[in-house]
1. Residue 230 is checked against (1) surrounded by fewer than 22 Cβ atoms within 10 Å (Cβ to Cβ); (2) of a type outside the set (Asp, Glu); (3) at pLDDT 90 or above and fails just one. What number does that condition carry?
2. Residues that are crowded, with 16+ Cβ neighbours inside 10 Å and either assigned to a helix (DSSP H, G or I) or among the charged types (D, E, K, R) (or both): does region 152-169 have at least one?
3. For region 191-212, which residues satisfy the criterion of being in contact (Cβ under 8 Å) with a residue 12 or more places away in the chain and assigned to a helix (DSSP H, G or I)?
4. Which pairs do you get when a residue that is touching a residue at least 40 places away in the same chain (Cβ under 8 Å), found in region 141-162, comes within reach of a residue that is of a type in the set (A, V, I, L, M), reach meaning Cβ atoms under 6 angstrom, with the pair 6+ apart or on two chains?
5. Could you check region 198-213 and list, in sequence order, the residues that are modelled with pLDDT under 90 and in contact with a helix residue (DSSP H, G or I) (Cβ under 6 Å, 6 or more places away or on another chain)?
6. If residue 142 satisfies every condition in (1) in a helix (DSSP H, G or I); (2) under 25 Å from residue 228 (Cα atoms) but one, which is the exception?
7. State all residues of region 165-204 that are polar (S, T, N, Q) and touching a strand residue (DSSP E or B) at 6+ places or on another chain (Cβ under 7 Å); if no residue qualifies, say none.
8. Output the strands (runs of 3 or more DSSP E) that fall wholly within region 8-103 and possess 1 or more residues being free of Cβ contacts under 8 Å to residues at least 12 places away in the same chain and within 18 Å of residue 222 (Cα to Cα), or say none.
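The values are calculated or read from the model by the stated rules, or taken from the named source; none is laboratory data. None of these values were measured; they are calculated from a predicted model. Note: ideal-geometry Cβ built from the backbone for every residue, glycine included; neighbour counts use all protein chains shown.
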Amino acid sequence: MNLSVDLGNTYAKTGLFSEGKLVETHWKLNYSELVNYVQRIHPQRIMVSSVSYSEEQLKEEFSKITTEIYLLKSTTPVPLIKLYDTPETLGADRVAAAIGAKVLYPEKNCLVIDMGTCITYDLVDINDNFQGGIISPGVRMRFKAMNTFTKRLPLLEPDGIPDLIGKNTKHAMQSGVMNGLLAEINGLIEEYDKVLTNINVIFCGGDATYFANRIKNPNFVIPELVLIGLNRILEYNVK
């Protein structure tokens, strides 16, 4: 079995694959929980996307469990052509999500919208070309910016998408962030559709559920997209 690990600064997400099929997922594992989980399931191979651990650290930890551990890097061979001026700066999660989209929709142009700390919009075409995209502030980053750069505005958390016209400061801030982002997403989808027609819009990331049912274009919410992409990259590198 293969294990995909999306390892962030605080938590890890994991996907266990058997014969190419996702059979088990775990979310919000801390590092010690991740190590215990890997020891318990003893996968044959592991593919890791990490923003906080080096290849040496990961191999030192997990080589006790399996000798086949891979860390997704800018130099890792992937089934995608990166039409990006600085591929060495392209985030591993963006690459994995784009590949996950092509696993699920190989005959489609895809726009992947990953709604995490930052929001990334990435376009991958029917010929497996990663065209590039946009990096935009995420939901909580926008709330935090208003609190940080003003003296009187509170720090808020998202609470759905409110009425457009706020009747008090709290609701006005929530509308600014949430309705502003909704307008951004719809507007960018329209612009991307002029670049490549008939695009599949695919959401992932923790804040995707706030917006997906308010988008004009048909779309799909696939929380496991990065994990699916990591498994495809792993398969690509062991054949």
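1. (1)
2. no
3. 192, 193, 195, 208, 209, 210, 211
4. Matching pairs, first to second residue: 158/139; 161/178.
5. Selection gives nothing.
6. Status for residue 142: all satisfied but (2).
7. 198, 200
8. The strands (runs of 3 or more DSSP E) meeting that bar are 21-29.
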